1. Taking the conditions exactly as written (part of a loop (DSSP other than H, G, I, E, B), within 14 Å of chain A (Cβ to nearest Cβ) and not charged (D, E, K, R)), does B:I57 satisfy them or not?
2. Filter segment B:177-190 down to the residues that are away from every other protein chain (no Cβ under 14 Å) and surrounded by 17 or more Cβ atoms within 10 Å (Cβ to Cβ) and list them by number.
3. Looking at segment B:36-47 only, could you name the residues that are part of a helix (DSSP H, G or I) and open to solvent by 20 Å² or more (accessible area, probe 1.4 Å)?
4. Determine, yes or no, whether A:P225 is surrounded by 18 or more Cβ atoms within 10 Å (Cβ to Cβ), modelled with pLDDT under 90 and out of contact with any Cys (no Cβ under 6 Å at 6 or more places or on another chain).
5. For segment B:245-260, does any single residue satisfy the condition of being within 11 Å of chain A (Cβ to nearest Cβ), open to solvent by 30 Å² or more (accessible area, probe 1.4 Å) and free of Cβ contacts under 8 Å to residues at least 24 places away in the same chain?
6. Among the residues of segment B:191-202, is there at least one that is within 24 Å of B:F21 (Cα to Cα) and surrounded by 13 or more Cβ atoms within 10 Å (Cβ to Cβ)?
7. State whether the residues of segment B:6-16 include one that is over 18 Å from B:S134 (Cβ atoms) and not small (G, A, S).
8. I need the full set of residues from segment A:61-97 which are closer than 23 Å to A:S134 by Cβ and either touching a residue at least 60 places away in the same chain (Cβ under 8 Å) or in a strand (DSSP E or B) (or both), in order please.
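The values are calculated or read from the model by the stated rules, or taken from the named source; none is laboratory data. Since the structure is predicted, the reported quantities are computational estimates derived from the model, not experimental observations. Here the Cβ positions follow ideal geometry from the backbone for every residue, glycine too, while neighbour counts run over all protein chains shown. Just the protein is used for accessible areas: all its heavy atoms, side chains included, with ligands, DNA and RNA removed. Shrake-Rupley method; radii C 1.70, N 1.55, O 1.52, S 1.80 Å.
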Number of protein chains: 2
Amino acid sequence: MKVAYLGPKGTFSEEAALRFFPPNGTELMMCDGIVDVLEAVAEQEADKGIVPIENAIEGTITMTTDGLINYDVWIEGEAILPIALHLLTVEGADIDDIEEIWSIGPALAQCRDFTRKLQAKTKHFSSTANAAESLVKANNKGAGAIASELAAKTFGLEIAKRNIQDFEGNSTRFLIVTNKKPEVPETSKSMLLITPGEDRPGLLAIILNVFSSLDINLSWIESRPTKKKLGTYRFFIEAQMGVQEVSMQKAITILRTYGHDVRVLGSFDTKKL
Amino acid sequence: MKVAYLGPKGTFSEEAALRFFPPNGTELMMCDGIVDVLEAVAEQEADKGIVPIENAIEGTITMTTDGLINYDVWIEGEAILPIALHLLTVEGADIDDIEEIWSIGPALAQCRDFTRKLQAKTKHFSSTANAAESLVKANNKGAGAIASELAAKTFGLEIAKRNIQDFEGNSTRFLIVTNKKPEVPETSKSMLLITPGEDRPGLLAIILNVFSSLDINLSWIESRPTKKKLGTYRFFIEAQMGVQEVSMQKAITILRTYGHDVRVLGSFDTKKL
């Protein structure tokens with residue numbers, strides 16, 4: 001089985017892929033971007049893909065929501081990965097000499113207090129792993145990278161300080177996508193993409209009331225711009241009920257009768273990594 | 001009047017500041033990050049600040065929503081800036097020789113089709129202006145920066161190709177913040193931050209129904225993680241009604257009676273730039 005994930009080596013996506021899929025029979029396929037992962041799955045270059053959808057601190061990863069709009073994939077699973085960010089340095093570096101912190105924007109934002117105390121400048125890279133690898137290549141003792149334990153292992157860096165993020169209990173939610181829609185998914189959650197047929201006052205309230213009138217609990221709602229003009233949105237709605245349930249089918253029928261476009265993005269269970 | 005904005009020189013934030021505030025009597029104060037802008041205003045180092053809150057393509061700018069949670073500022077205005085992204089190159093460069101595109105992540109994402117057609121690699125910088133300035137310093141004819149017309153002027157770059165973004169009609173919404181809450185703001189919009197007193201099924205539907213029962217139209221809803229655990233949120237709600245209106249006061253009273261924490265973030269009008 002070929003599994004597409006967001007590279008480079010040493011990212012949290014790789015860690016999630018390694019923990020979620022069985023080591024035997026899984027071939028990991030590294031991609032440059034989240035969109036490339038979804039494209040690889042949609043075009044059947046990979047059997048499955050794993051993409052981050054939400055981080056407990058940063059919120060929704062909009063590259064993923066927007067990619068789900070554009071590519072025809074089916075969400076068949078969800079995995080929650082605890083996130084710990086560490087300060088990585090090259091061998092022999094002293095934390096007191098660190099003048100620059102390298103990482104991706106969201107990781108820099110999550111470790112803002114730490115970076116401030118160190119009075120270090122920040123430098124942006126395309127991923128935590130890319131920052132770690134660049135540090136090794138530069139062999140720079142005056143800089144540190146914010147990245148994962150897996151990145152430290154992958155690139156042979158030292159963990160100068162553990163758990164430097166501002167808030168405890170950080171985790172990221174990943175979705176497992178495939179190009180094959182299972183016949184009858186017997187699952188506990190589902191995700192819908194609702195594109196309203198018209199823009200009218202109280203639109204979201206009306207949509208949400210359909211679910212509450214059928215006793216369907218929603219665990220996640222995300223509005224994304226339609227990219228046509230400011231102020232018009234489509235909605236990602238995650239329900240704590242699989243699409244096999246009669247109530248979910250009723251909700252979908254009612255929403256479509258109202259004139260909204262409803263796409264079932266998937267039906268799945270949650271796995272903690 | 002001192003106005004804090006997100007630097008460096010040549011960003012869209014600078015353009016918005018230049019267009020929104022009168023040139024006479026305005027002193028622009030450049031900040032390194034969105035959070036620094038809000039902090040400068042909250043700590044009265046600046047009289048006002050201007051921060052991006054939403055882009056028509058990328059959606060909500062979460063650094064701003066999260067900053068509004070943490071800093072005691074008052075939103076007194078809103079400005080909509082049309083966004084045009086161009087490919088900037090150093091003098092004498094040929095677009096056919098461009099092998100790398102430099103910019104900030106969201107701008108690279110917005111020009112994905114263009115970058116693909118050019119078969120160019122992407123390189124991440126902390127802002128569009130930072131990418132443009134780096135290009136000038138490197139005097140690199142094999143790279144191009146995705147940035148604004150203001151950045152081209154500021155750094156003396158050529159516009160090799162105009163309007164390279166995938167979608168037309170892009171614009172960014174900015175908020176104008178101050179540390180002085182006006183006595184009786186007579187305005188047409190307002191923004192609330194609602195932190196639910198409890199997490200229960202149908203919570204958002206119940207909150208939204210309060211507004212629709214009072215005939216208050218909502219123009220923007222954004223859920224942000226509480227940073228305590230995955231799946232718990234607070235809500236930014238923008239109403240098309242100023243806080244001076246009786247109906248808005250009723251909505252706030254009802255929501256507080258339900259046990260939710262309601263913070264009025266501001267009351268304002270919209271200005272098109």
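1. On the way: part of a loop (DSSP other than H, G, I, E, B): yes; within 14 Å of chain A (Cβ to nearest Cβ): yes; not charged (D, E, K, R): yes.
Yes, satisfied.
2. Hits for segment B:177-190 are B:V177, B:T178, B:N179, B:P185, B:T187, B:S190.
3. At the first step, the residues of segment B:36-47 found to be part of a helix (DSSP H, G or I) are B:36-42.
Hits for segment B:36-47 are B:D36, B:E39, B:A42.
4. Working: surrounded by 18 or more Cβ atoms within 10 Å (Cβ to Cβ): yes; modelled with pLDDT under 90: yes; out of contact with any Cys (no Cβ under 6 Å at 6 or more places or on another chain): yes.
In short, yes.
5. First pass over segment B:245-260, keeping only residues within 11 Å of chain A (Cβ to nearest Cβ): none.
Taking every residue of segment B:245-260 in turn, none turns out to be within 11 Å of chain A (Cβ to nearest Cβ), open to solvent by 30 Å² or more (accessible area, probe 1.4 Å) and free of Cβ contacts under 8 Å to residues at least 24 places away in the same chain.
6. So in segment B:191-202, the residues within 24 Å of B:F21 (Cα to Cα) come out as B:191.
Still in the list and also surrounded by 13 or more Cβ atoms within 10 Å (Cβ to Cβ): B:191.
Within segment B:191-202 (the criterion being within 24 Å of B:F21 (Cα to Cα) and surrounded by 13 or more Cβ atoms within 10 Å (Cβ to Cβ)), the answer is yes, since at least one residue qualifies.
7. Yes, there is a match, as at least one residue in segment B:6-16 is over 18 Å from B:S134 (Cβ atoms) and not small (G, A, S).
8. We begin by selecting, within segment A:61-97, every residue closer than 23 Å to A:S134 by Cβ; these are A:61, A:63, A:83-97.
Correct list: A:I83, A:A84, A:L85, A:H86, A:L87, A:L88, A:T89, A:V90, A:E91, A:A93, A:I95.
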